[in-house]
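Here is the structure we will look at.
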Amino acid sequence: MPAATARRVATLPSAPLVELVEARGGVTGQPESLQRSYYRARETGELTVWAADLLAVRLCGLHPLLIWPVEWLDVGVCDDG
């Protein structure tokens, strides 16, 4: 039986989100769980597609495609096939 191969989770760069959130005043006043996710993304320089979707909508009120126009499509999120 072949060995299972590890599958890498798709990630996006956090810089576009960080720039937008900082320009809007940061995450003060946001729920602690969102703050932790945001700071983790800022520190590591990347975030999962799931986290990108969550933070884009909750912190910025934007669809992630508007923050990562090329990258969002590259990770296959909107791929019908």
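Details
- Verdict on Val77 being at pLDDT below 95, surrounded by 12 or more Cβ atoms within 10 Å (Cβ to Cβ) and outside any helix (DSSP H, G or I): yes
- Residues that are buried (at least 18 other Cβ atoms within 10 Å of the Cβ), touching a Phe, Trp or Tyr at 6+ places or on another chain (Cβ under 9 Å), in a loop (DSSP other than H, G, I, E, B) and of a type outside the set (Gly, Ala, Ser) do occur in region 22-31, at least one of them.
- Residue within region 35-46 that is modelled with pLDDT under 95, among the polar types (S, T, N, Q) and under 12 Å from the mean Cα position of the chain (by Cα) present: no
- Residue within region 48-69 that is surrounded by fewer than 10 Cβ atoms within 10 Å (Cβ to Cβ), basic (Lys, Arg) and either at pLDDT 95 or above or part of a loop (DSSP other than H, G, I, E, B) (or both) present: no
The values are calculated or read from the model by the stated rules, or taken from the named source; none is laboratory data. As the structure is a prediction and not an experimental result, all values here were calculated from the model. Ideal geometry is used to build each Cβ from the backbone, glycine not excepted, and the neighbour counts take in all protein chains shown.
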